[in-house]
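Remarks on the structure that follows.
The values are calculated or read from the model by the stated rules, or taken from the named source; none is laboratory data. Every value quoted in this text rests on a predicted model; they were computed, and no experiment measured them. Note that we place each Cβ from the backbone using ideal geometry, even for glycine, and neighbour counts take in every protein chain shown. These accessible areas exclude ligands, DNA and RNA; they are computed on the full protein's heavy atoms, side chains included. Shrake-Rupley method; radii C 1.70, N 1.55, O 1.52, S 1.80 Å.
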Amino acid sequence: MRNKIPKFNIEMSLQGDPLSVNDIEKAEEQLGRQIPDEYKAFLLQFNGGHPEPCNFVRPMHDTAIDSVSLFYGLFLKYSYNLIGIYNEYAMRMPTEFLPIASVGGCQICICTDGENIGKLYFWDSDEENPDEEQPCYDNIYLLSDSFTAFINSLS
């Protein structure tokens, strides 16, 4: 990671086992993409889990409050493994998005490629069109310009 590693001042339960930089590099190989630095730092500090506070405003609704159920971690023995979730959703969303957290049936994704690397998006499963041959952007909304800004906005 190029920049100073941020420390996140948030409470987290249901965390995974501690990770090393080598663990993250292995995961990046399996994912076939680089994980943005801020999310790498989060994985190193927490390896996923349930945040407290966990509430945020849905980007397409000015007043709708939603909650992060769980941030995905790496090499977990339960179903919230970042790699397994990515494989589950890879064909349902554009290739530059990596799902990193569950919001009910919806996903919070981080952009891993292009000019929006590191920005967070809300992928709304309720608006997904199963008739589309290719994943589209019709159900994806900008959530935050950075992972840290999103964490700091939770209430």
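Name the residue that is least open to solvent (accessible area, probe 1.4 Å), counting only residues in region 133-146 that are touching a Pro at 6+ places or on another chain (Cβ under 7 Å) and touching a residue at least 60 places away in the same chain (Cβ under 8 Å).
In this case the residue turns out to be Leu143.
Under the condition of being open to solvent by 10 Å² or more (accessible area, probe 1.4 Å), of a type outside the set (S, T, N, Q) and under 13 Å from the mean Cα position of the chain (by Cα), which residue from region 30-69 is farthest from Gly114 (Cα to Cα)?
Here the answer is His50.
If you check every pair at least six apart or on different chains, which have Cβ atoms under 6 Å apart with a residue in region 7-20 that is closer than 21 Å to Asn152 by Cβ first and a residue that is in a loop (DSSP other than H, G, I, E, B) and of a type outside the set (Phe, Trp, Tyr) second?
So the pair list comes out as Gln15/Asn47.
Within region 85-132, restricting attention to residues that are without any contact (Cβ under 8 Å) to a residue 12 or more places away in the chain and exposed (fewer than 14 other Cβ atoms within 10 Å of the Cβ), which residue is farthest from Ala27 (Cα to Cα)?
Only one residue fits best here, namely Asp131.
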